[in-house]
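For reference, the structure is listed below as structure tokens.
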Amino acid sequence: MPSPAAALTGGIAAAMAPAPPAFAPDAPLAAVLAAMATSGASAALAIDGSGRPVGILTEQDVTRRVAFRLPADAPLAAAMTAPVATCAQDDGLWRAVALLRPGRLRHLPVIGADGRCIGILHRDETLAAVSGRLLLHLDALAGDHAAVKRAQAGVASALRDEGVPARDVVGLVSGINIDLHRRVLGRVLADHGTPPVPFTLLVMGSAGRGESLLRPDQDNGFILDDYPDARHGQVDAWFRPVAEAFNAGLDAAGFPLCPGGIMARNPLWRKTLPQWQRQFDHWAMRRAGAALLFSDIAFDFRAIAGDAAPAAALRAHLSRLLAGSPALLAAMAAQNQGLTVGLTLWGGFTDDEPGPGTRTDFKLHGLMPLVAAARLMALRDGIAATGTVDRLAALAQHGTLAAREAAALTEAFALLLDTVLRQQLADHAAGAEPGNLVDTAALPKPDRTALRDALKAVRSFARGSFGSFTGQLW
């Protein structure tokens, strides 16, 4: 049975009850109350003509607004609470808890992709899955965007203290980050109205892999539905301020602007699907400079808002492109060969700290070589997964990696991720900016030994991977 903390890293399905009875807002209360009594439901929904919730009637509403006050033929709309707070089918349980507690809600409908209710969360059952210590941190996740970002460290620290694996904690942190992207975009769209053409929000880099730590910068873009060239002035005039507001909103929420400009406000990262495809084609022909830097980040893209189909089409185009242009992967591998692990020639840890310190950067010289090597091999094999662990598993299934090596690399990834996360949480607790430099001398000897073994496994894999593309094994 998972710990209370571990439950937060999963979805809401395990805590969700069946959808309650649903009626049109003008349905008579007598019929609504009869259905609630028959089904044993503690709530009923009011839905519009498309089946989407517009209000909710709870037992508390019946006590306060109906009993001895309204006639039996009064409409549901006269007693319901509207608008109704909801959560999405793919939200994490943490999001539901963050909505239930501060809002003092007893019921939270769960909405599917079509906007219809597919189930309901009840306050008592949902909160029972979470420990009291975590609830104090989760309350902050219902605040404004910047408060949510600040609350991440408290939640992550509580999860780590309860023994939740680093990969699950990072998954939760990444989920909160994605939710913040969607919320910022939703607020921007509420201010700017309906877009002239539909669009898809992409995230790239660590966000695209679902491996964000405590302070990632922005890597995002828009795929716009195709439109005639004659409409470009009108379409671009609408998207320019929207993209600017979106990136500024993320910056205010705690996601620094990308130094390399990989953001939707840059026209390079805001275009139609055919234009994105041609851009990837250009990188494949160019194979140098910015094209390689952009490829390393952009090829981890995934859609997080809007229609996912354009992103799937772009992924399919990329697979076909790389199959026909292996020279791009070879050029990326040649560039990635500069990523070394944090071990000296004599087996000690490297000194990556400027000045008098001797700490080691386990993100740059541990995680990144492994991430880059897994990315290259997955792209070559046409694997759609973007997460590093998922890529390693898929490579093992394809027979590209031996199952034993994939398991060892997965273990190495988990250890390196845990080492960096613990350092970032310690930095945060000390009031410093979360970083990646770890004082290995302060670690117990078994931990240092395990880190050396992990780095050796990463070094062997990275060298073999990069060398398989470039022919340079050393």
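Which angle from 0 to 90°, rounded to the nearest 10, does the C-alpha axis of helix 309-324 make with the longest principal axis of the chain? Tilt relative to the chain: about 20 degrees. Each Cα pair under 8 Å and six or more residues apart adds its sequence gap; the mean of these over the residue count of the range 199-292 is a relative contact order of 32 percent.
The calculated FRET efficiency for Ala441 paired with Asp226, based on their beta-carbon distance and R0 = 60 Å, is about 0.55. For the pair Glu244 and Asp307, label points projected 7 Å from Cα toward Cβ lie 2.9 nm apart. Taking Cβ atoms as reference points and 14 Å as the exclusive limit, the residues near Glu405 contribute a net charge of +3, counting Lys and Arg as +1 and Asp and Glu as -1. As an exercise, use a Förster radius of 30 Å and the Cβ-Cβ distance of Ala327 and Ala384 to find the FRET efficiency, rounded to the nearest 0.05. Result of the calculation: an efficiency of 0.85. Inter-label distance, Ala82 to Arg404: 6.6 nm, where each label sits 7 Å from its Cα along the C-beta direction. Taking every DSSP helix (H) stretch of at least 4 residues in the chain, weighting each as -39,500 (n - 2.57) and dividing the sum by the residue count yields a mean residue ellipticity at 222 nm of -16000 deg cm²/dmol.
Length, then width, then depth: along the principal axes, the Cα atoms of the range 223-348 run 61, 40, 24 Å. Stretching the chain fully between Arg422 and His192 yields a gain of 78.7 nm (0.36 nm per residue, less the alpha carbon separation). Enumerate the residues in the range 274-290 having an amide nitrogen under 14 Å from the point lying 7 Å beyond the Cα of Ala334 toward its Cβ. Hits in the range 274-290 for Ala334 at 14 Å: 284-290. In the chain, the longest principal axis of the Cα atoms and the axis of helix 388-398 are about 70 degrees apart. Residues of the range 48-72 falling in the label zone of Ser39, defined by backbone nitrogen less than 17 Å from a point 7 Å along Cα to beta-carbon, are 48-62. The phi-based Karplus calculation (6.51 cos²θ - 1.76 cosθ + 1.60; θ = phi - 60°) puts the 3J(HN,Hα) values of the range 232-237 at 4, x, 5, 5, 5, 5 Hz, whole numbers, x for Gly and Pro.
For Ala305, the residues 5 or more places off, or on other chains, whose built amide H falls under 5 Å of its own are Leu201. With the convex hull drawn around the C-alpha atoms of the chain, the volume per residue stands at 170 Å³. Compute the angle between helix 29-39 and the longest alpha-carbon principal axis of the chain, please, reported from 0 to 90 degrees and rounded to the nearest 10. Approximately 60 degrees, to the nearest ten. Its Cα gyration tensor gives the range 285-336 an equivalent ellipsoid, and the semi-axes of that ellipsoid, as √(5λ) in whole Å with the largest first, are 23, 13, 7.
Evaluated with a Cβ-only charge set (Lys, Arg +1; Asp, Glu -1), the chain carries a dipole of roughly 380 debye about its Cα centre, given to the nearest 20.
Laboratory data are not the source of any read-out in this text; all were calculated from the coordinates shown. A quick note: this is a predicted structure, and the numbers were derived from the prediction, not measured. No Cβ is skipped: glycine too gets one built from the backbone with ideal geometry, and neighbour counts run over all protein chains shown.
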